[in-house]
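**Student:** Before I ask anything, let me first share the structure, which is written out below as structure tokens.
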Amino acid sequence: MISPKLQDAINAQINAEFWSAYLYLSMAMHFESEGNAGIANWFRIQFKEEQAHAEIFINYLVSRGGRVVLKPIDAVPTQWKDALAAFTDTLAHEEKVTALINNLYALAEAEHDYATRGKLDWFVAEQVEEEETAKGMIDRLKLIGDNGLALYMFDQELAARVYNVPAPLAAKA
Ligand code: MG
């Protein structure tokens, strides 16, 4: 059985993951309306990944005999100046998520809940990847600047991204 404190914290994390999903879906819809179908595809996949993160925490809480409590999802922004602005927001958001995961990790240690700490290891590594990816996109978009052909090629490349079920969820399914 999981401690009430950790149960509350994981429920808060489930909400944060759904908020992330909602943010990225909003970005996808923005770029659909701007005619950047490739960038929209990339964010749609990001949306699916965030839903998967929420599901991993949901499955984990259930497996520990905890109670999943779904809370309202706060509103998300709906417009971005350009792709650089969206990926800059993405990086800032992922840095916040990293801090949330780290706080959860610290709480698991304080509660001597080593199963939860172990479960969080995958998320710690995932956040390194999320931040690195967003930073890479920002660097490339800065190089692209207002070169339309370069942005077209960037959009084409992002159109090729495919969704892979994250390992902890694939293992459960
Ligand atoms: Mg996430």
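**Student:** Which distance in Å, rounded to a whole number, links the C-alpha centroids of region 83-124 and region 10-26?
**Tutor:** 12 Å
**Student:** Still on this model: Checking the a/c ratio against 1.5 first, then a/b against b/c, what shape does the Cα gyration tensor give for region 118-173?
**Tutor:** On the way: a/c = 8.13, a/b = 2.02, b/c = 4.03.
Oblate shape, in that a/c is at least 1.5 and b/c is the bigger or equal ratio.
**Student:** Tell me, what HN-Hα J-couplings in whole Hz come from the Karplus equation 6.51 cos²θ - 1.76 cosθ + 1.60 at θ = phi - 60° for each residue of region 6-12, using x for Gly and Pro?
**Tutor:** 5, 4, 4, 5, 5, 4, 5
**Student:** Per-residue counts of other Cβ atoms within 10 Å, averaged by peptide: what ranking do you get for 137-144, 70-77, highest first? Before the final figure, lay out the partial values.
**Tutor:** Values: 137-144: 15.4, 70-77: 11.4.
Final packing ranking: 137-144, 70-77.
**Student:** Counting Lys and Arg as +1 and Asp and Glu as -1, what is the net charge of the other residues whose Cβ lies under 15 Å from the Cβ of Lys71?
**Tutor:** Details: positive: Arg67; negative: Asp8, Glu17, Asp74.
Net charge in that neighbourhood comes out at -2.
**Student:** In debye, nearest 20: dipole of the chain around its Cα centre with unit charges on the Cβ of K, R (+) and D, E (-)? If you can, show how the numbers build up before the last one.
**Tutor:** Details: 15 positive and 25 negative charges, 102 e Å.
Dipole about the Cα centre, nearest 20: 500 debye.
**Student:** Looking at the square roots a ≥ b ≥ c of the eigenvalues of the Cα gyration tensor of region 54-146, which shape do they give, rounded for a/c under 1.5, prolate if a/b is larger than b/c, or oblate? Mind dumping the intermediate values first?
**Tutor:** Values: a/c = 3.24, a/b = 1.93, b/c = 1.68.
Prolate is the answer for region 54-146, as a/c is 1.5 or above and a/b outweighs b/c.
**Student:** Run the helix sum for the chain: -39,500 (n - 2.57) per DSSP H stretch of 4+ residues, divided by residue count, reported at 222 nm to the nearest 500 deg cm²/dmol. Spell out each step's value before the answer.
**Tutor:** Values: 6 runs with 135 residues, N = 173.
Mean residue ellipticity, 222 nm, calculated: -27500 deg cm²/dmol.
**Student:** Let me ask something additional. For region 37-93, report the translational diffusion coefficient in µm²/s to the nearest whole number, using Stokes-Einstein at 25 °C, 0.890 mPa s, and a Kirkwood Rh over Cα pairs.
**Tutor:** Working: Rh = 13.7 Å.
In µm²/s, the coefficient rounds to 179.
**Student:** Let me ask something else. As I understand it, the value is the acute angle between the Cα axis of helix 114-144 and the longest principal axis of the Cα atoms of the chain; what does it come to in degrees, rounded to 10?
**Tutor:** Between the helix axis and the principal axis of the chain, the angle is about 10 degrees.
**Student:** If you line up the long axis of helix 83-110 against the longest principal axis of the chain, both from Cα atoms, how many degrees apart are they, to the nearest 10?
**Tutor:** 10 degrees
**Student:** Another question, then. Kindly provide the trypsin sites (Lys or Arg not before Pro) of region 26-101 that DSSP labels as loop, not H, G, I, E or B, and whose Cβ sees at most 15 other Cβ atoms within 10 Å. Please report the intermediate quantities before stating the final value.
**Tutor:** Working: sites: Arg44, Lys48, Arg64, Arg67, Lys81, Lys96; in loops: Arg64, Arg67, Lys81.
Here the sparse-neighbourhood loop sites are Arg67, Lys81.
**Student:** Then there's this: Rank Gly145, Ile101, Ala28 by how far each Cα sits towards the positive end of the charge dipole of the chain (+1 on Lys, Arg Cβ; -1 on Asp, Glu Cβ) and give me just the farthest.
**Tutor:** Going by the Cα projections, it comes out as Ile101.
**Student:** Ok, one more. How many times 2.2 N^0.38 Å is the alpha carbon radius of gyration of the chain? Provide the component values of the computation, followed by the final result.
**Tutor:** On the way: Rg = 17.2 Å, N = 173, 2.2 N^0.38 = 15.6 Å.
Normalised Cα radius of gyration, the chain: 1.11.
**Student:** Additional query: Listing Glu111, Glu55 from the residue with the fewest other Cβ atoms within 10 Å to the one with the most, what is the order?
**Tutor:** Final ranking by Cβ density, sparse to dense: Glu111, Glu55.
**Student:** Still on this model: Projecting each Cα onto the charge dipole of the chain (Lys/Arg +1, Asp/Glu -1 at the beta carbon, about the Cα centre), which of Thr90, Ile2, His112 comes out farthest on the positive side?
**Tutor:** About the Cα centre, the residue reaching furthest to the positive side is Ile2.
**Student:** Roughly how many debye, to the nearest 20, is the charge dipole of region 1-85 about its Cα centre, given +1 on each Lys and Arg Cβ, -1 on each Asp and Glu Cβ, and no other charges? Walk me through the numbers before you get to the answer.
**Tutor:** Details: 7 positive and 9 negative charges, 72 e Å.
Charge dipole of region 1-85: 340 debye, to the nearest 20.
**Student:** Now, a different point. Mind scanning Lys5/Lys119; Lys5/Lys71; Lys81/Lys142; Lys71/Lys135 and naming the pairs with a C-alpha gap bigger than 20 Å?
**Tutor:** Lys71/Lys135
No lab work stands behind these numbers, since they all come straight from the coordinates. Predicted model, so just to flag it, every value in this text is computed and none were measured. Neighbour counts are summed over all protein chains in view; Cβ atoms, including those assigned to glycine, are modelled from backbone coordinates with ideal geometry.
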